[in-house]
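The values are calculated or read from the model by the stated rules, or taken from the named source; none is laboratory data. Values in this document were obtained by computation on a predicted structure and should not be read as measured data. Positions of Cβ are generated from backbone atoms using ideal geometry, with glycine treated the same way; all protein chains shown enter the neighbour counts. Side chains are part of the model used for accessible areas, which takes the heavy atoms of the whole protein and leaves out ligands, DNA and RNA. Shrake-Rupley method; radii C 1.70, N 1.55, O 1.52, S 1.80 Å.
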Amino acid sequence: MSNYHIKNLEEYFQVYRKSVREPVAFWEEIAEEHFVWQKRWTEVLSWDFTKPEIAWFKGAKLNITENCIDRHLTNRANKTAILFEPNNPEESAQHITYKQLHEQVCKFANVLKSKGIRKGDRVCIYLPMIPELAISVLACARIGAIHSVVFAGFSATALATRINDSECKMVVTSDGAFRGNKTIDLKGIVDEALENCPCVASVLVAKRIDSAVNIKKDRDLWLQPLLDAASSMCPAEIMDAEDPLFILYTSGSTGRPKGMVHTTAGYMVYTAYTFKNVFQYRENDVYWCTADIGWITGHSYILYGPLANGATSVLFEGVPTYPDYGRFWEIVEKHAVTQFYTAPTAIRAIAKESLRFVENHELSSLKILGTVGEPINEEAWHWYNDNIGKKKCPIVDTWWQTETGGILISPIPFSTPTIPTFATLPLPGIQPCLMDENGKEISGKQVDGRLCIKFPWPSMARTIWGDHQRYKDTYFSTFPNNYFTGDGALRDSTGYYRITGRVDDVIIVSGHNLGTAPIEDAINEHPAVAESAVVGFPHDVKGNALYGYVILKEVGEQRNHENLRKEINQIITEHIGPIAKLEKIQFTNGLPKTRSGKIMRRILRKIAGGETESLGDTSTLLNPEVVQEIIENSI
Ligand code: WT7
């Protein structure tokens, strides 16, 4: 039996039991056998969820890029590490071998150093899905700089907030981005953001779309000439196991985005281990995860997890709909992809269109399919299983979060029997539990509650950048001594978990995690708006869409409501990004409130979802009469 690679259900249960009974021995064995360390740890795990303080492999020294790149140079130097598929199918794909990746990462690392970036400095990366994105992330890790990748769909304001929160010294960007048949002026967005970011001293600009951009003297530098001049030798900085590797921002239900901090050794061990098992990766497989590296899925399962296993990982610049709805399948066919990992929203968008986009492609290379980001509905699951997997490829419905660093609940293909809509069983090392509203653990089967994890795992985020108290309050205070996920779940009669969705004010729209508070803050910036409340409602393609209830300052505001709706969405786009735009906006004279003045979102959610029959008791409201008005005017 190997702890590292599970091959059947019996083995899964054996390994799982060991991981719970002897977690230290379990992870120690994996860490010892599958990674390169400069110095061994003195302690595998120390933890205290009350502080909270968590450390894995304390005392160990390593560099994650030695594990993801250098060590493969012996046997896999000419194997493709990153297979870049451009936005435009007419442009040829690029195979970047492990040897080339090593050279390019070292060169980039030397450029970072020459611009004064040192271990511990924060570097913001704001790039489209091009090779420079992967290379700059790894170059930061090479020299111990902390990368903070910001998804290139975020607006200038959102970018500036994130740059300032972690005081990044540098931004890496490009002249622009291709997205389907459009181009996006990334450099312009960076310029606008940097008007409010005094911490940034330099900007490296990759050339992608060949547009004329403004180059600010003494701050902006074209990347390519610097790379050309740089040495391709760069020794890896020796890092402590618990040195931060990166910061990645995620929305909270209230306030500013949270800069989740992930550290080096535990993150590496866990993402590598879970990649190997959840995707049953074999040496000559071609693995493709369609996520953007701007999200945790891309960090863990396009870059670090696959590269730590010496895998070939596809990096796709484009969108599923360009040049047509068959693009994913064209790429699967072209590169003979074996594992394909995407989001339910993408599946639903494609499933709406004609099957001919699927049928004219050869998909027989596929072995395993995956989904992530939101619950997958039964219909989408079957469409995926029937038309893409041809009923032969197990579907791994992987549940996890930015905060968890890696997949926590998922089937292991060919071992765990799958059931649509169930993420099934916890991976080895993961001890989930369900809690009731009074903080008591719910035991047994056929139950539902709030999903918590009671024991640490190696890739859990260690803190929120600059705000440890918020880390404690958000994740460890609702259910003392447990990590609270913010999700609800049910456990069926076989012990399988099904994630039912968020139980807080986070809404998952097309797989993107959005907090209601920052959206409401943006809406309230509109001069005509007095107050607003945003809730989610079910949407065929996006999973959830956003419904905004808006109170205008002037009663009976005479302005054209359609124009106001456009302006409100424009403000949201400026403050957050187009992903946070409201699908529906209802103007109202009031919002249902409790006597303590809290908006009763539960009621608004029901009305937005068309469930006006089951609103429950509204008599305790401060203003019950407003409910009828809202129902009558709902959209
Ligand atoms: C939230 C985390 C983890 C990478 C992408 C999202 C929801 C995620 C599933 C799934 C049901 C899921 C949860 C979670 N979620 N995967 N397989 N089934 N829900 O990361 O942006 O941090 O969002 O996404 O609600 O809490 P994220």
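Summary table
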{"quantity": "Some residue of segment 400-409 being more than 11 Å from the ligand (Cβ to nearest atom), in a loop (DSSP other than H, G, I, E, B) and either within 22 Å of the chain's Cα centre (by Cα) or not assigned by TED's automatic domain parsing to the domain that holds Phe279 (or both)", "calculated": "no"}
{"quantity": "Hey, Arg559 surrounded by 12 or more Cβ atoms within 10 Å (Cβ to Cβ) and either within 16 Å of Ala528 (Cβ to Cβ) or touching an Asp or Glu at 6+ places or on another chain (Cβ under 7 Å) (or both) or not", "calculated": "no"}
{"quantity": "Condition check for Tyr549: surrounded by 16 or more Cβ atoms within 10 Å (Cβ to Cβ), within 24 Å of the chain's Cα centre (by Cα) and in contact (Cβ under 8 Å) with a residue 60 or more places away in the chain", "calculated": "no"}
{"quantity": "Residues that are under 18 Å from Ala423 (Cα atoms) and among the polar types (S, T, N, Q), drawn from segment 437-489", "calculated": "Gln446, Thr485"}
{"quantity": "Hey, Gly305 within 25 Å of Thr271 (Cα to Cα), modelled with pLDDT under 95 and of a type outside the set (Val, Ile, Thr) or not", "calculated": "no"}
{"quantity": "Enumerated strands (runs of 3 or more DSSP E) restricted to segment 86-158, each holding at least 2 residues that are under 25 Å from Pro578 (Cα atoms)", "calculated": "122-125, 146-149"}
{"quantity": "Selection count, segment 488-504, where residues are surrounded by fewer than 20 Cβ atoms within 10 Å (Cβ to Cβ) and either closer than 16 Å to Glu403 by Cβ or touching a His at 6+ places or on another chain (Cβ under 8 Å) (or both)", "calculated": "3"}
{"quantity": "Filter result for the condition that a residue is crowded, with 21+ Cβ neighbours inside 10 Å and modelled with pLDDT of 95 or more, over Ser459, Ser477", "calculated": "Ser459"}
{"quantity": "Residue tally, condition among the polar types (S, T, N, Q) and open to solvent by less than 20 Å² (accessible area, probe 1.4 Å), over segment 310-330", "calculated": "2"}
{"quantity": "Condition broken by Ile419, with the remaining ones in (1) open to solvent by less than 20 Å² (accessible area, probe 1.4 Å); (2) within 15 Å of the ligand (Cβ to nearest atom); (3) part of a loop (DSSP other than H, G, I, E, B) satisfied", "calculated": "(1)"}
{"quantity": "Pair list, Cβ < 6 Å and 6+ apart or interchain, from segment 289-310 residues that are under 26 Å from Asn75 (Cβ atoms) to residues that are assigned to a loop (DSSP other than H, G, I, E, B) and more than 14 Å from the ligand (Cβ to nearest atom)", "calculated": "Asn309/Tyr281; Gly310/Arg76"}
{"quantity": "Among the candidates Trp383, Trp399, residue that is more than 22 Å from Pro128 (Cα to Cα), out of contact with any helix residue (DSSP H, G or I) (no Cβ under 7 Å at 6 or more places or on another chain) and at pLDDT 95 or above", "calculated": "Trp399"}
{"quantity": "Residue match in segment 271-287 (condition: part of a strand (DSSP E or B) and over 28 Å from Trp56 (Cα atoms))", "calculated": "yes"}
{"quantity": "Among (1) away from the ligand (no atom under 16 Å from the Cβ); (2) without any contact (Cβ under 8 Å) to a residue 40 or more places away in the chain; (3) not polar (S, T, N, Q) - the single one Ala349 does not satisfy", "calculated": "(2)"}
{"quantity": "Entirely in segment 555-635, the helices (runs of 4 or more DSSP H) that have 2 or more residues that are under 27 Å from Asn513 (Cα atoms)", "calculated": "561-575, 601-608"}
{"quantity": "Unique residue being over 27 Å from the mean Cα position of the chain (by Cα), at pLDDT 95 or above, of a type outside the set (A, V, I, L, M) and open to solvent by less than 50 Å² (accessible area, probe 1.4 Å) when the list is Trp56, Trp41", "calculated": "Trp41"}
{"quantity": "Every residue from segment 466-491 that is of a type in the set (Phe, Trp, Tyr) and either away from the ligand (no atom under 12 Å from the Cβ) or in a strand (DSSP E or B) (or both)", "calculated": "Tyr471, Phe476, Phe479, Tyr483, Phe484"}
{"quantity": "Odd one out for Pro518, checked against (1) modelled with pLDDT under 95; (2) within 10 Å of the ligand (Cβ to nearest atom); (3) open to solvent by 20 Å² or more (accessible area, probe 1.4 Å)", "calculated": "(2)"}
{"quantity": "Every pair of residues 6+ apart whose Cβ atoms lie under 7 Å, when the first sits in segment 8-36 and is loosely packed, with under 14 Cβ neighbours inside 10 Å while the second is modelled with pLDDT under 95", "calculated": "Glu33/Tyr4"}
{"quantity": "Close pairs from segment 362-391: first closer than 22 Å to Glu330 by Cβ and within 13 Å of the ligand (Cβ to nearest atom), partner of a type in the set (D, E, K, R) and open to solvent by 10 Å² or more (accessible area, probe 1.4 Å), Cβ under 7 Å, at least 6 apart", "calculated": "Thr371/Asp397; Ala380/Arg348"}
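Residue-by-condition table, conditions (1) more than 18 Å from the chain's Cα centre (by Cα); (2) surrounded by fewer than 24 Cβ atoms within 10 Å (Cβ to Cβ):
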| site | (1), (2) |
| --- | --- |
| Ala212 | yes, yes |
| Gln224 | yes, yes |
| Pro257 | no, yes |
| Ala265 | yes, no |
| Thr274 | no, no |
| Arg282 | yes, yes |
| Ile296 | no, no |
| Tyr301 | no, no |
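Residue-by-condition table, conditions (1) more than 25 Å from Ala152 (Cα to Cα); (2) within 16 Å of the ligand (Cβ to nearest atom):
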{"site": "Val261", "(1), (2)": "no, yes"}
{"site": "Val269", "(1), (2)": "yes, no"}
{"site": "Thr290", "(1), (2)": "no, yes"}
{"site": "Trp295", "(1), (2)": "no, yes"}
{"site": "Gly298", "(1), (2)": "no, yes"}
{"site": "Val319", "(1), (2)": "no, no"}
{"site": "Arg327", "(1), (2)": "no, no"}
{"site": "Lys334", "(1), (2)": "yes, no"}
